[in-house]
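The values are calculated or read from the model by the stated rules, or taken from the named source; none is laboratory data. Owing to the predicted nature of the structure, the values given are computational and were not obtained by experimental measurement. FYI the Cβ positions are ideal-geometry reconstructions off the backbone, even for glycines, and counts take in every protein chain you see.
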Amino acid sequence: MTVLEHLTPEAVETVVRSHPRLSAAVAEIAGRTGLPEDVVRSHLTESLRESLERLGEAYVGHTTETITAIEGLRREIDAFYDRVLTGGDPNPSVEHLQDLFRQLHDKARDLSDPQTWANEQPATPVEPAHPPVEPVTPPVEPARAQDGPVDVADPTAEAPTLEPEPAAAAVERARAIETLRGHAREQVEAIEAEIRASDAASSATQQQIIDLNRELSRRGVDVALLRDPRYVERLSPELRALAERRADLIDENKARVLDRRQLGERAATWRRAVGSDLVARRYLELRRRTPDRAARQRSAAVAADILGVPNTELNPTRPDHIVPVLEVVGMDNFVLLPDDVALGILNDPAYIDHLNESANSSKSDWAWDDWPQWQNHGVDPILRADRIARSAEIRAEIRQRIQTAVSRLVGSGNLPPVVTP
């Protein structure tokens, strides 16, 4: 199996027929050689397909080799953690661990989609117009008994069967990673739109503050003293109302600045998921194991989900991560955590809600902040605001847990470099 197995001869022939330069080449070759165009086109089609097949096989080989190297490095890192946690290495070398992470980062960069990889390959030299004469190979004499065994293929022997699983797995992983990246890009775009809207709102509010400052100054108010409540109390009711409105607008902008900082952190997390194959592959490894069986049992036992939807056979209640798994895996240093620590965070009951299957499928890997179809599933705006606030708390808790866990593994003050693209 190759990444181009789905490319049929008919599809290649269609390209040869429709591409203007290839069509011109067919006509020119036919005119020079006297061969019918159909014969020339057939040879060109077969040649092109063989070239694409070789390219596909090379890509699969490259991807499989890179993934194998990454898995080997991760095993080395896991072994390092095990030695530290069990006390088997009382003086661990942080430099060695950091070197392993650097190698892991470099190898992760080698993973790319087929189109990007193909574009990076050196161009194949153009064949000369008149191919060189093939050297004549002398006939092979029959082997004599005293020569010993000769490695000659047996024409009656069945060809060995090549195992397709590694190539298929590599291609499937590549497709899954591209799917994840597409979702992560949507998240980045949604968050960036929120940041732009917040910036615009801040600019409008800032202009209102400037206008109020001018009006208050024109009417004899010392704007610099408005921080003093006693000064504000001595103002007339009309001026005091203007000063209080000004204070409210300043508080609004302060809140927006904090919101944008949190949005920036989330955008950085999702960008990491977009650009890092290591984050995407770690997600694929862990996603099968979260929510765990205990979480599923807890959800199956409740009478209704957090929306008040009854737990029924047609629409059963499922566990739902309050903060999406992909967002968590993309957080700084999460990919460095051993499986048990990583799953301990992802399967923490405090970070999982009960949500009916219909809403859970719709929400998928969206955060409560960004879930597009929340209104279609009977979500009360007050409850949504509560879950958004709870999501922000959980994000802060998880980031702290990650840094604490990594510091415990490698020593305080020796955090490994963040694995980012």
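Residues in the stretch 292-307 that are touching a residue at least 12 places away in the same chain (Cβ under 8 Å) and farther than 10 Å from Asn360 by Cβ: Asp292, Ala294, Ala295, Arg296, Arg298, Ala300, Val302, Ala304, Ile306, Leu307.
Take the residues in the stretch 403-421 that are in a loop (DSSP other than H, G, I, E, B) and among the polar types (S, T, N, Q); name whichever of them is modelled with the highest pLDDT. Can you show your working first?
If we filter the stretch 403-421 for residues that are in a loop (DSSP other than H, G, I, E, B), which is where we start, we get 411-421.
Subset that is among the polar types (S, T, N, Q): 412, 414, 420.
Numbers: Ser412: 55, Asn414: 49, Thr420: 38.
Applying the filter and picking the extreme gives Ser412.
Considering the stretch 267-299, the residues that are modelled with pLDDT under 90 and hydroxyl-bearing (Ser, Thr, Tyr) include one that is surrounded by the most Cβ atoms within 10 Å (Cβ to Cβ), namely Thr269.
Checked against the criterion of being buried (at least 17 other Cβ atoms within 10 Å of the Cβ) and at pLDDT 70 or above, the stretch 10-25 has no qualifying residue.
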